[in-house]
């Protein structure tokens, strides 16, 4: 359930008051019964069969309220604005899991000519996996903000003009967090509890903690934009600024400058724009980055830091027989040097942070995008990105061992969990030739696999595996049921109380592709691990009714 409200009221010609509220509540219930997953290679295949007891029941609730007052006087010279904001945000997350899985891992016969084709020929392991979770996280964030801006011209003549725009802001934020963790996992293989001990029964993992934190973050920024324009010659913008902050929890103070240059020739090449930006960017951690996998909180975690260099180029051009169809092409290249990073692992839909500044890294990539009306009045787009994201854990000599090689090779860095070499996204839409109110769209996404590692052993040999490439095709159809402009000829229409109404039917994952989402790791009594893939949702339908008032 989601309820949102946004109200504005002009209390004076120069003053506007705004109120915003949001309430969201969701519940996730999951009761597994059984699973059967076959995986492997052409000459060797395994099958995992599991029967489950129990369920998962997660609840999430968020509430937000805010008020703002904006002062924007009508001034012909030196226009400026002032804005004052106050808001509070609360959230509660409750995780409840109690699931017992009885599994059987076996080798299956994949010889089509065999009498035992697709039958079990050897049992590699049987056992029980019991996961128990009772976690609760409450947090409240209250803040007050101020933003302001002032514009004034430097000079103006027949040959050109120059101007200045000064912008500033300040923020004071109070954070309160109450976190309670209670989770454990029991693994059993062939009647033996893992880790195996002949004298006692050991639980595979136990996390119990209770943390309460209160802190204040203070931040502010100031930036100045200088513009210089000569008609039919050049349009130049230079923006320079600085951001500062302080956090009472870790006592860290930071000051980060940044600058951006935008240049647009106005002659024959007036349809192109060049951009270059650089600066320091510090990201103070939120609570999740402070909490290690063990549940302990490290209050000394510093802001994650990076140095950015970004360059971009845009080109507006026209196609078609009459050169009347506008298109917009954007190309960007970027490099980011990272330090004081908080490393993390992805566990299904959970992100597990290390809880310390234990890594350095770098990211480089290029993005290309073209969008326009391949069909008149129907916007379409194509995006392609190339990315390289690497990291290095401090004090660790990372190793890589190729398949079939007995010796490992030292490497300077390893893939980050976001290291996706290529991703491609295409979206096209069309409509009936004589009726624009009935439309269809197609969206296609493809990307190379993301890296991952073995849970609880993802340090030296870090993120050495990759998911299979992701690809998905969606198709949708929509029809406009009502438009207010039709009121003259349909005055008694059932939907006349709306401005416009659309109904749509979408088919997600039209081809039913089994895209990998995560891996379930099965251990034998000899501590050998097998990774069993888990898959994202297959083909599904989505029926939506949208009303605008």
Original post:
Considering the range 523-532 alone, what residues qualify as being over 17 Å from residue 458 (Cβ atoms) and either modelled with pLDDT of 85 or more or buried (at least 16 other Cβ atoms within 10 Å of the Cβ) (or both)?
Top reply: 524, 525, 532
Subject >> Residues being surrounded by 13 or more Cβ atoms within 10 Å (Cβ to Cβ) and either under 28 Å from the mean Cα position of the chain (by Cα) or in a strand (DSSP E or B) (or both) - total across the range 79-125 >> reply: 32
Original post:
How many residues are part of a strand (DSSP E or B) and either closer than 30 Å to residue 14 by Cα or in the same structural domain as residue 533 (by TED's automatic domain parsing) (or both) when one looks only at the range 63-78?
Top reply: 8
**OP:** For residue 196, indicate whether it is surrounded by fewer than 17 Cβ atoms within 10 Å (Cβ to Cβ) and out of contact with any strand residue (DSSP E or B) (no Cβ under 6 Å at 6 or more places or on another chain).
**Re:** yes
Original post:
Of the residues 209, 193, which is free of Cβ contacts under 8 Å to residues at least 12 places away in the same chain, over 30 Å from residue 279 (Cβ atoms) and assigned to a strand (DSSP E or B)?
Top reply: 193
Original post:
Out of (1) within 23 Å of residue 343 (Cα to Cα); (2) touching a strand residue (DSSP E or B) at 6+ places or on another chain (Cβ under 9 Å); (3) not assigned by TED's automatic domain parsing to the domain that holds residue 166, the odd one out for residue 205 is which?
Top reply: (3)
Original post:
For residues in the range 18-39 being within 18 Å of residue 119 (Cα to Cα) and free of Cβ contacts under 8 Å to residues at least 24 places away in the same chain, which is surrounded by the most Cβ atoms within 10 Å (Cβ to Cβ)?
Top reply: 35
**OP:** Kindly indicate the residue of the range 281-307 that is surrounded by fewer than 16 Cβ atoms within 10 Å (Cβ to Cβ) and over 22 Å from the mean Cα position of the chain (by Cα) and also modelled with the lowest pLDDT among those meeting that condition.
**Re:** 294
Subject >> the range 399-418 residues that are without any contact (Cβ under 8 Å) to a residue 12 or more places away in the chain, paired with ones that are surrounded by 12 or more Cβ atoms within 10 Å (Cβ to Cβ) and part of a strand (DSSP E or B) (beta carbon under 6 Å, 6 or more apart) >> reply: 409/400
**OP:** Would you mind telling me which numbered condition in (1) touching a residue at least 40 places away in the same chain (Cβ under 8 Å); (2) outside any loop (DSSP other than H, G, I, E, B) residue 441 fails?
**Re:** (1)
Subject >> Tally of residues being farther than 28 Å from residue 387 by Cα, part of a loop (DSSP other than H, G, I, E, B) and out of contact with any helix residue (DSSP H, G or I) (no Cβ under 6 Å at 6 or more places or on another chain) across the range 294-328 >> reply: 10
Subject >> Any hit, the range 393-413, residues being part of a strand (DSSP E or B), farther than 30 Å from residue 97 by Cβ and at pLDDT 95 or above >> reply: no
Original post:
From the list 37, 43, which one is at pLDDT below 90 and part of a loop (DSSP other than H, G, I, E, B)?
Top reply: 43
**OP:** Check the range 478-497 and report whether any residue there is closer than 30 Å to residue 375 by Cα, surrounded by fewer than 15 Cβ atoms within 10 Å (Cβ to Cβ), modelled with pLDDT under 90 and touching a helix residue (DSSP H, G or I) at 6+ places or on another chain (Cβ under 9 Å).
**Re:** yes
Subject >> Qualifying residue in the range 163-178 (condition: in contact with a helix residue (DSSP H, G or I) (Cβ under 8 Å, 6 or more places away or on another chain) and either more than 23 Å from residue 230 (Cα to Cα) or in a strand (DSSP E or B) (or both)) >> reply: yes
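The values are calculated or read from the model by the stated rules, or taken from the named source; none is laboratory data. Being a predicted model, the structure only gives us computed values, none of them experimental. Heads up, the Cβs are rebuilt from the backbone with ideal geometry, glycines too, and the neighbour counts pull from every protein chain shown.
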